[in-house]
Amino acid sequence: TLSHRSVRARCGVGRPGASLGRAAVDWSGNSFRHRMTQRAKVALAAAASAAAYYFAWAVVAPLAGGDHPIHSWFPPRIVALVLPSALLTLLFCCAGLTAGFNLLNKSHLE
């Protein structure tokens, strides 16, 4: 039988200078955490700016007068209702199709 140590020794894991090849990734290193932290910060900034733009478009712009220059910054107000509705409909359709395909594959495999 193969023990954990013998498998590690055959693969070269744990030996100084042992390489796992070009595709090896050091998942425990700080560089991975740093890259993911930077990506998370960028994603958070993008989401916050999109939410602020939508809030100004859907809530603040209607409160301004009809001739106020803020209305030139945004598309028509009907798009503020249609766009999120269409995106949510698309999201629910994709989620339903994914769940349906998973159920079909599960029943087909049994």
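The values are calculated or read from the model by the stated rules, or taken from the named source; none is laboratory data. The structure presented is a predicted model; accordingly, all values stated were derived computationally and were not measured. FYI the Cβ positions are ideal-geometry reconstructions off the backbone, even for glycines, and counts take in every protein chain you see. Note: areas computed on protein heavy atoms with side chains; ligands, DNA, RNA excluded. Shrake-Rupley method; radii C 1.70, N 1.55, O 1.52, S 1.80 Å.
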For the full complex of protein chains and a 1.4 angstrom probe, list Ile70, Ile78 by accessible area with the highest value first. Ile78, Ile70
Lys/Arg Cβ at +1, Asp/Glu Cβ at -1, dipole of the range 32-110 taken about the Cα centre: which of Leu91, Gln38, Ser72 is farthest positive-ward? Gln38
Compute the semi-axes of the equivalent ellipsoid of the range 41-109, taking the square root of 5 times each eigenvalue of the Cα gyration tensor, and list them largest first in whole Å. 38, 15, 7
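Take the solvent-accessible surface of the protein heavy atoms, probe 1.4 Å, and return the percent of it on the range 29-110 that carbon and sulfur atoms account for.
Values: 4890 of 6710 Å².
After summing per-atom areas, the C and S share lands at 73 percent.
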Mind checking the per residue accessible area of the range 38-78 for me, 1.4 Å probe, whole number of Å²? 76
